[in-house]
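Just so it is clear, none of the values below were taken in a lab; they were calculated from the coordinates. As the structure is a computational prediction, the values presented were derived from the model and not from experiment. Cβ atoms come from the backbone with ideal geometry, glycine included; neighbour counts cover every protein chain shown.
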Amino acid sequence: MEPSQNRRRLYQVWKGSNKFACGGRLIFGPDVGSIFLSTILITGPLIALCCQVITKITKTDASGQTDIYGNSILGLPILIVTTLLGIADLTFLFMTSSRDPGIVPRNVRPPEMEETLDTMSASTEWVNAASPHLRLPRTKDVIVNGHTVKVKYCDTCLLYRPPRTSHCSICNNCVQKFDHHCPWVGQCIGLRNYRFFYMFISTSTFLCFYVFVLSWLNIIHERSNYHNSILKSMSGEVLSLVLIVYTFIAVWFVGGLTVFHTYLMSTNQTTYENFRYRYDKKENPYNKGIFKNIREVFLSKMPPSLNNFRSWVTEEAPEIVPVTPHTAAAINNVATKEKLDLEMGYKRGMDLNMGHIPAILQGLDYSAIENNLNLKEREVDSPQSYVFPITPPRDNIKSQESDEGCKREQQSVSFHVEVEEEVPTLPNENRAMQ
């Protein structure tokens with residue numbers, strides 16, 4: 001059955017910055033083009049090494065025999081191992097980049113006000129709830145392994161982020177166990193692709209050492225053809241020298257990254273958590289020990305994706321409600337009531353006698369707020385009279401008193417104008433007036 005025109009796949013209407021391929025089966029980040037750069041940086045030295053190996057093994061000696069394993073370090077086994085390592089490294093790169101890192105589904109509207117606020121932390125900052133006039137606390141506390149963990153509200157995804165979840169500003173998604181956004185793979189690193197990311201950087205590090213060592217061994221082995229001189233051998237094996245310099249520089253980046261993530265994995269931290277120094281002064285609630293932490297990364301069952309990007313969804317047109325000055329005044333009045341309800345700790349439509357006022361809001365005097373609310377309601381219902389304060393001039397009082405005094409009094413009566421304060425008259429002026 002052909003789907004209706006207003007139905008589309010979830011990946012087609014997804015509000016994040018991701019790029020999808022193969023009908024939503026592959027999920028990339030917005031900077032997916034960086035994968036091609038990473039591929040070139042990986043395959044470049046490997047292709048150079050393979051070409052060097054092929055040149056060595058196809059070299060024909062004086063007897064016309066092809067030297068496959070002969071006197072050179074770079075033989076056919078090296079070609080096979082290099083090819084397999086390169087394929088494995090590129091596979092881990094692709095699996096890291098094209099996989100859902102653990103994107104949390106978005107909410108269409110903000111969550112409803114909870115039945116009680118006792119489980120929430122006393123936050124001075126509030127956000128919009130499902131009703132446009134209700135407010136929710138910015139943070140709340142949850143219990144993880146016996147430890148209190150503070151979770152934040154995401155204004156973009158309209159939800160309270162689960163523990164260890166953060167919002168990536170590049171992909172515009174909340175990601176479970178968010179580690180960081182890697183520009184080299186063009187994807188967020190999270191719960192569902194961290195193991196592949198670690199395998200990618202560790203394999204890249206091993207390849208750097210592998211090419212570096214083979215290039216040095218080739219130079220040392222070929223020095224017999226250059227009068228046992230290392231310098232002449234290096235000048236004769238220029239490609240090996242270039243690979244030595246290239247891998248020496250690259251290993252500091254990928255090698256340092258591998259060592260750092262080995263430490264994070266052994267302590268069950270993320271890069272995001274480590275940079276914020278969250279566990280310097282308190283115990284890490286997720287640390288289970290070195291071996292259990294490593295087993296959790298590599299041997300635990302991969303959690304399923306929370307989103308089915310190939311599912312059919314219905315696009316709903318946004319409802320536009322015209323707002324007039326009269327409806328705006330009514331909305332403001334309702335908003336004031338709902339704000340008072342929230343501050344007093346109960347949901348709109350909930351009876352005060354039901355005992356849902358949280359502990360942090362009990363014992364407070366709200367009489368002043370209620371009086372202020374009643375006063376505002378009376379002001380909205382009754383016509384407003386405007387009072388313009390007029391201050392009489394300090395000079396020319398004597399000359400204008402007889403001519404304009406009556407006019408001022410009439411104007412003040414006709415326009416309901418009240419003089420808030422009078423300027424005191426100097427004694428000399430009083431005598432002059434007398």
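Points to keep in mind about this one:
- Residues 216, 252, 14, arranged from fewest to most other Cβ atoms within 10 angstrom of their Cβ, appear as 252, 216, 14.
- When 188, 50 are arranged by Cβ crowding within 10 Å, least crowded first, meaning fewest neighbours, the order is 50, 188.
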